[in-house]
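This report refers to the structure that appears directly beneath it.
The values are calculated or read from the model by the stated rules, or taken from the named source; none is laboratory data. What you are looking at is a predicted structure, and each value in this text was computed from that prediction instead of being measured. We place every Cβ from the backbone using ideal geometry, glycine too, and count neighbours over all the protein chains shown. These area figures cover heavy atoms from the full protein model, side chains too; ligands, DNA and RNA do not enter into them. Shrake-Rupley method; radii C 1.70, N 1.55, O 1.52, S 1.80 Å.
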Amino acid sequence: QVQLVESGGGLVQAGGSLRLSCAASGGTSQNYGMGWFRQAPGKEREFVAGINWIGGRYYADSVKGRFTISRDNTKSTVYLQMNSLKPEDTAVYYCAASPVSVSRNSKEVDYWGQGTEVTVSS
């Protein structure tokens, strides 16, 4: 079992930046793909960014060029650096993990964190 704990959410003005962190424990987390999803009120959970077990990164088109995912295997932690934030980025952000690579399909994710809220004001 892999446990995921997110931190770093908050309130920020449009154009600002935030960095989310997700600490993983249990299992062999360095062999897992990690990722971030988000869910806005009344909307489905959507893929944001992923990083596979060997460091390959992939992004949703809506955040490409603004968000950067990274991981530090020595700390079993994955980060999401969010720059140039927009009001439409407002959502609860969830950390995700699956062996090797996280799918863009939320239904195929094996483990979830509890979520951290991000609010971007205009």
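Which whole-number value in Å² is the accessible area per residue of the chain, probe 1.4 Å? Walk me through the intermediate numbers first.
On the way: 6120 Å² over 122 residues.
Using a 1.4 Å probe on heavy atoms only, each residue of the chain averages 50 Å².
Which semi-axes, in whole Å and largest first, does the equivalent ellipsoid of the stretch 1-93 have when worked out from the alpha carbon gyration tensor as the square roots of 5 times its eigenvalues? Write down the numbers at each step before the final one.
Details: eigenvalues 103, 36, 32 Å².
Over the Cα atoms of the stretch 1-93, the semi-axes work out to 23, 14, 13 Å.
How much solvent-accessible surface does residue 72 expose, in Å² to the nearest 10, with a 1.4 Å probe and all protein chains in place?
Counting only protein heavy atoms, the figure is 40 Å².
Which percent of the accessible heavy-atom area of the stretch 15-67 goes to carbon and sulfur, probe 1.4 angstrom?
47 percent
How would 69, 54 rank on accessible area, largest to smallest, probe 1.4 Å?
Details: 69 0, 54 125 Å².
My answer, sorted largest first, is 54, 69.
Just for the Cα atoms in the stretch 25-69, what are the lengths along the principal axes, largest first, rounded to whole Å?
In descending order, the Cα extents are 34, 24, 11 Å.
Please work out how much accessible surface residue 86 shows to a 1.4 Å probe, ignoring ligands, DNA and RNA, in Å² rounded to 10.
80 Å²
In the neighborhood of residue 40, defined by Cβ-to-Cβ distances under 14 Å, what is the net charge if each Lys or Arg adds +1 and each Asp or Glu adds -1? Intermediate values should be presented prior to the final figure.
Details: positive: 38, 43, 45, 86; negative: 44, 46, 88, 89, 117.
Its environment carries a net charge of -1.
Over the alpha-carbon set of the stretch 68-111, divide Rg by the Kirkwood Rh and report the Rg/Rh ratio to two decimals.
Details: Rg = 12.4 Å, Rh = 12.4 Å.
Reported Rg/Rh, Kirkwood definition of Rh: 1.00.
So how strong a dipole does the chain carry about its Cα centre when Lys and Arg Cβ are +1 and Asp and Glu Cβ are -1, to the nearest 20 debye? Could the numbers behind the result be given before it?
Numbers: 12 positive and 10 negative charges, 43 e Å.
The calculation lands at about 200 debye.
For the full complex of protein chains and a 1.4 angstrom probe, list 38, 104 by accessible area with the highest value first. It would help to have the intermediate numbers written out before the result.
Numbers: 38 15, 104 135 Å².
Result of the area sort, largest leading: 104, 38.
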